[in-house]
Amino acid sequence: MAAYEAELDAFVVHTLSKAYNGIVAPRLVLVSPIAYEDQSKIKDLPNGVAENANLKLYSAAMERVAKKHSLTFVDLFTPTEKIYAEAKVPFTTNGYIPTEAGYEQLAPILADGVFGKQLRNSKADPANVLAAVKQKNWFWQNDYGILNGVHTHGQRYMPFGPQNYPDEVIKTREMTALRDNLIEAVASGATNSLVVDDSKTHPLPVVPTNYKEGEKTTASRYLYDDDAEKSFTVPNGYKVQLFASEKEFPNLANPMQLSFDNRGRLWVATMPTYPAYRPGDPLPDDKILIYEDTNGDGRADKETVFADKLQLPIGFEFSPEGVYVSQEPNLFLLRDTDGDDKADIREIILGGFDTHDTHHAISAYCADPSGAFLMGEGVFLHSNVETAYGPVRAMNGGFFRYSPQRNQLERTAQLSIPNPWGIAFDDWGQDFFLHTSGPSINWMLPASVKPTYGSQCPSTANLVPEGQAVRPTSGLEFVSSRHFPDEVQGDMLLCNNIGFLGIKQHSIVDDGTGYKTAFRQNLLSSTDGNFRPVDLEFAPDGSLFVIDWHNVLIGHMQHNARDPLRDHVHGRIYRITYPSRPLVTPALVEKASVENLLENLKLPEYRTRYRSRRELRAHPTAEVLPAIKNWVAKLDPKDPRHEHHLLEALWTTWGLNQVDEPLLRQLLEAQDYHVRAAAVRVLRYNPQRIAGHVALLEKAAVDPHGRVRLEAIIAASWLNNASGKKIVAIASALPLDDWNKGAAKTAISRLEGVQDAVVDEHPLPPVPTHLASAEQKQFIAGHEVYFRDAHCATCHQPDGKGLDPAFPPLANSEWVTGDPDRLIKLALHGMMGPFELNGKKYDGLVPMTPFGGILKDDEVAAVLTYVRNTFSNKAPAVSPSQVSKVREATKSRQGFYMAQDLIKENPLK
């Protein structure tokens, strides 16, 4: 507390020493936190005794600092404690975020505290004043907490940011000021209108496109209906057909995530606002839509708008209480309280998720077997989320897990990952994820050691089969449908939307502790350069649905965010079937009896069981738990899936937040190691409910199978005590393989409080001796540039081998080792268009990023020297003076080089 008080005091002294308006120091007001509200009788939440004791200490420290510097101090802690004692309905959501009604009570306390008690003279309608305030607040937040700040002010400002963002910031602030005037006008009675004339605010410049027409894709050519379907190729026996498009449903613009509800209807989140709101445009109107095929012809014929006026709903997941959705910087819960399929309540559940880059934000929601859902978050984001259990802090890529039953958020995994846009669970509850910017697929468990702030857990082997790496990937699903052939059950499916446009399919099987994969087939591929598959999920009838973002432009480093060719109207949904096999008869889920729902848990389709468990969580616990015991008692022990049925029962009790302890203990001793591993996962999340949980984990730590032992290691890391260290030590005494070795080492280090050693993921290769001393220094500097975020290695890969068919190799390339002027031009201005390299043709649809506005001459020279002398290349170094000369000679150039034009200027030998 002394440290906090000293830091607060230093902040006050610093702030009062500044004159931000150029005239006088600001008025500084310190406002205490509200008290924590005890809701433990109605929710699984802390009772607030310890929380309020701490909050009271912080409030007292704030008051002391305020008195020391003669500042206004507003005490919200004491009055809210009194409100809670008299309240008949909750004042907060989950104990600490005021509800709308709570804010109404809080507002006069805050206003009186800041300005002193005053008589109310305004005769304006309070609702009108509030609406005006909300207008200003929206624009102020869009400045102070701007979405996509990495592009407006941060490390991705160059090369395109100067074209538009300085003007957008000016315009936003002018629009905010006009709404400040609106508040005064409404409050004084000068007007009742809430309309603001923004026509005289700062004009925005026209942003030119840098896109060059290609043979395969043109900005003016979008394919529709049969022409769009003809662009697809599927393996023999499969069929793909359009389910819905923006042509019939204009709301279907830039779809991002899909999922099926318990009635079997398709829900889709759309994001035409992406990449971020542009000041002066109509306010964001992104949507969550419901689609139905009411006549059974395989095409959507009904659309319902569940929620509109959203901003970038990049992820969503269903729960009995409503729909959770991303609304940066918040996690919202949307509720339909009257059954009309429209959200009528919007509630902030959590806040503080970083907004620095909209496509890195919490996304790709996917629920685990309990109904808690994982959310991916990308690199260079720093989230600080307040929760009832304390703050959850995270940085630089990883995964959150939110449990609605316990209202609890955790940073499940923190590791080096750029944009995790795909999460999926297999039949046994094991989770996998995509790297997206990188081509990797990984198993999440080994990277789920409890993180410490700023640390990164070592990842595991890349599961992409040799020769099948593609990027950027988005959307991950496992085949689990009797409608698809028997031999592909359990296969892994992932979408890709640059270069290879379609769905990759890989078999995956157990391999010791972990897994191994093999390429099965390209389930779907397209020749339409605008096809951008981003998510997929199996429907209740066993068919596979895929959503298509559909855009001529993709890539934030290649084109301006406001490039006029960024599409905001197109979007498609496709359905893949295997016509020679019958569709699955959809199981009744919504409105099914508890007994029928339990029977659904025997069905082969994972997604049917997924939805059935979700529906069971909507039933009273007192009804479901006895029914589960009866159902378990009647199961046939001779059924080959008997232990899996038992696991489904255990998962259901976990989802009800009432884990069946006898069943858990039974499954910890199951014959099938898949079941034992899954049972340890349940134990990991319920130690407070299970007597002797440490002894159970110690036993799991010596299990014959490495996967069970790995689950024990991970669970132990979350105990954060001496018992956890003992469990990890027990497991580590047995042979460790590549799957659990890193996890065991990291777990014991963190349990012992040892800071993670910094691991250089891309160590410097041997410096070539043929280079002169100064050139060797360039080589070393160039290595650092090559591996910077979103620079060379992202596309051309760490080994320089590239990724066909979009990203060419740097090894054995005349483009790299030949004429240095040609290479410098390419680096400074970027390049697109078709070309041939070593007998392979590249369409060049995705341009190379122009680094002229990002890198200085010495940095360009360094990285070009590096690529010309690594990956088995050997060529003369490039000097900064060479780069400077070419930069000056080409300074008037606008846009990318087309490959053929660059070859004309600097011919290949």
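The values are calculated or read from the model by the stated rules, or taken from the named source; none is laboratory data. This is a predicted model, so every value here is computed, not measured. Every residue, glycine among them, receives a Cβ derived from its backbone with ideal geometry; neighbour counts consider all protein chains shown. Just so you know, the surface numbers come from the protein's heavy atoms only, side chains and all, with ligands and any DNA or RNA stripped out. Shrake-Rupley method; radii C 1.70, N 1.55, O 1.52, S 1.80 Å.
Going residue by residue through the range 666-679, is there one that turns out to be closer than 24 Å to VAL584 by Cα and of a type in the set (Phe, Trp, Tyr)? No.
Among the residues making up the range 548-592, those that are open to solvent by less than 50 Å² (accessible area, probe 1.4 Å), in contact with a helix residue (DSSP H, G or I) (Cβ under 9 Å, 6 or more places away or on another chain) and farther than 22 Å from LEU258 by Cα are MET557, ASN560, ALA561, ARG562, ALA592.
Quick check: anything in the range 602-609 polar (S, T, N, Q), buried (at least 20 other Cβ atoms within 10 Å of the Cβ) and in contact (Cβ under 8 Å) with a residue 60 or more places away in the chain? Even if it seems obvious, please write down each step before you answer.
Start the filter on the range 602-609 by keeping residues that are polar (S, T, N, Q), which leaves 608.
With buried (at least 20 other Cβ atoms within 10 Å of the Cβ) added as a condition, the list becomes 608.
With the extra rule that they be in contact (Cβ under 8 Å) with a residue 60 or more places away in the chain, the set shrinks to 608.
Among the residues of the range 602-609, at least one is polar (S, T, N, Q), buried (at least 20 other Cβ atoms within 10 Å of the Cβ) and in contact (Cβ under 8 Å) with a residue 60 or more places away in the chain, which makes the answer yes.
The condition (being in a loop (DSSP other than H, G, I, E, B), open to solvent by 70 Å² or more (accessible area, probe 1.4 Å) and among the small types (Gly, Ala, Ser)) is satisfied by just one residue among SER40, SER70, SER122: SER70. Scan the range 328-343 for residues that are surrounded by 15 or more Cβ atoms within 10 Å (Cβ to Cβ) and closer than 21 Å to GLY371 by Cβ and the total you get is 7. Return the residues of the range 146-192 that are open to solvent by less than 50 Å² (accessible area, probe 1.4 Å) and aromatic (Phe, Trp, Tyr); say none if nothing qualifies. Scanning the range 146-192 gives PHE160, TYR165. The lone criterion from (1) at negative phi; (2) touching a Pro at 6+ places or on another chain (Cβ under 7 Å); (3) open to solvent by 20 Å² or more (accessible area, probe 1.4 Å); (4) not aromatic (Phe, Trp, Tyr) left unmet by GLY264 is number (1). Taken over the range 131-154, the residue count meeting the criterion of being within 20 Å of TYR274 (Cβ to Cβ) and either part of a loop (DSSP other than H, G, I, E, B) or hydrophobic (A, V, I, L, M, F, W, C) (or both) is 9. Remark: LYS777 matches the filter, which requires a residue to be at pLDDT 95 or above, open to solvent by 20 Å² or more (accessible area, probe 1.4 Å) and either farther than 22 Å from GLN414 by Cα or not basic (Lys, Arg) (or both). Only a single item in (1) on the phi < 0 side of the Ramachandran plot; (2) out of contact with any Leu (no Cβ under 6 Å at 6 or more places or on another chain) is not met by HIS796, and it is number (2). Scanning the range 82-101 for residues that are out of contact with any helix residue (DSSP H, G or I) (no Cβ under 7 Å at 6 or more places or on another chain), in contact (Cβ under 8 Å) with a residue 12 or more places away in the chain and part of a helix (DSSP H, G or I) returns TYR84, ALA101.
Criterion applied to ASN686, ASN657 was being touching a residue at least 40 places away in the same chain (Cβ under 8 Å), among the polar types (S, T, N, Q), more than 17 Å from TRP428 (Cα to Cα) and crowded, with 16+ Cβ neighbours inside 10 Å, and the one residue passing it is ASN657. Within the range 844-860, can one find any residue that is open to solvent by 20 Å² or more (accessible area, probe 1.4 Å), more than 27 Å from VAL207 (Cβ to Cβ) and in a loop (DSSP other than H, G, I, E, B)? Checked the range 844-860: no residue is open to solvent by 20 Å² or more (accessible area, probe 1.4 Å), more than 27 Å from VAL207 (Cβ to Cβ) and in a loop (DSSP other than H, G, I, E, B). The residues in the range 230-289 that are part of a loop (DSSP other than H, G, I, E, B) and in contact (Cβ under 8 Å) with a residue 24 or more places away in the chain can be counted, and the count is 31. Here ASP297 meets the list (1) within 30 Å of VAL206 (Cβ to Cβ); (2) assigned to a loop (DSSP other than H, G, I, E, B); (3) open to solvent by 10 Å² or more (accessible area, probe 1.4 Å) almost entirely, failing just condition (1). Residues in the range 372-388 that are modelled with pLDDT of 95 or more and open to solvent by less than 10 Å² (accessible area, probe 1.4 Å): ALA372, PHE373, LEU374, MET375, GLY376, GLU377, SER383, VAL385, ALA388.
Do any helices (runs of 4 or more DSSP H) entirely within the range 661-708 hold 3 or more residues that are among the charged types (D, E, K, R), and if so, which?
Values: elements: 661-667, 673-684, 693-700.
Here the list reads 673-684.
Kindly check whether there is at least one residue in the range 630-644 that is assigned to a loop (DSSP other than H, G, I, E, B), open to solvent by 50 Å² or more (accessible area, probe 1.4 Å) and of a type in the set (A, V, I, L, M). No, the range 630-644 contains no residue that is assigned to a loop (DSSP other than H, G, I, E, B), open to solvent by 50 Å² or more (accessible area, probe 1.4 Å) and of a type in the set (A, V, I, L, M). Would you check if TYR897 is of a type outside the set (A, V, I, L, M, F, W, C), open to solvent by less than 20 Å² (accessible area, probe 1.4 Å) and touching a strand residue (DSSP E or B) at 6+ places or on another chain (Cβ under 6 Å)? Answer is yes for this residue. In the range 119-137, the residues that are farther than 18 Å from TYR103 by Cα form Cβ pairs under 6 Å with partners that are in a loop (DSSP other than H, G, I, E, B), at six or more places apart or across chains, as follows: LYS123/GLY189; ALA124/GLY189. Residue under question is VAL207, and the condition is that it be assigned to a loop (DSSP other than H, G, I, E, B) and in contact with a Lys or Arg (Cβ under 7 Å, 6 or more places away or on another chain); does it hold? Considered against the rule, which asks whether it is assigned to a loop (DSSP other than H, G, I, E, B) and in contact with a Lys or Arg (Cβ under 7 Å, 6 or more places away or on another chain), VAL207 comes out as yes. Restricting to the range 155-192, what's the tally of residues that are charged (D, E, K, R), part of a helix (DSSP H, G or I) and touching a residue at least 40 places away in the same chain (Cβ under 8 Å)? Qualifying residue count, the range 155-192: 4. Among the conditions (1) assigned to a helix (DSSP H, G or I); (2) over 30 Å from HIS151 (Cα atoms), HIS359 misses just one, which is (2). One residue alone among ALA461, ALA518 is at pLDDT below 95, among the aliphatic types (A, V, I, L, M) and either open to solvent by 10 Å² or more (accessible area, probe 1.4 Å) or over 30 Å from SER749 (Cβ atoms) (or both), and that residue is ALA461.
How about the range 471-515: which of its residues are of a type in the set (Val, Ile, Thr) and open to solvent by less than 10 Å² (accessible area, probe 1.4 Å)? I'd like the intermediate steps shown before the answer.
Let us first name the residues in the range 471-515 that are of a type in the set (Val, Ile, Thr), namely 473, 479, 488, 498, 503, 508-509, 513.
Listed by number, the residues that qualify are THR473, VAL479, VAL488, ILE503, THR513.
When we screen ASP548, ASP563, ASP535 for residues that are more than 22 Å from the chain's Cα centre (by Cα) and among the charged types (D, E, K, R), the only hit is ASP563.
Suppose the filter is open to solvent by less than 50 Å² (accessible area, probe 1.4 Å), more than 22 Å from PRO329 (Cα to Cα) and more than 37 Å from the chain's Cα centre (by Cα); does ALA111 pass it? Full working, then the answer.
Working: open to solvent by less than 50 Å² (accessible area, probe 1.4 Å): yes; more than 22 Å from PRO329 (Cα to Cα): yes; more than 37 Å from the chain's Cα centre (by Cα): yes.
Spelling it out, ALA111 is indeed open to solvent by less than 50 Å² (accessible area, probe 1.4 Å), more than 22 Å from PRO329 (Cα to Cα) and more than 37 Å from the chain's Cα centre (by Cα).
Here MET1 meets each of (1) within 33 Å of the chain's Cα centre (by Cα); (2) touching a residue at least 60 places away in the same chain (Cβ under 8 Å); (3) open to solvent by 80 Å² or more (accessible area, probe 1.4 Å) with one exception, condition (1). Among residues that are hydrophobic (A, V, I, L, M, F, W, C) and either open to solvent by less than 30 Å² (accessible area, probe 1.4 Å) or over 29 Å from LEU350 (Cα atoms) (or both), LEU28 is included.
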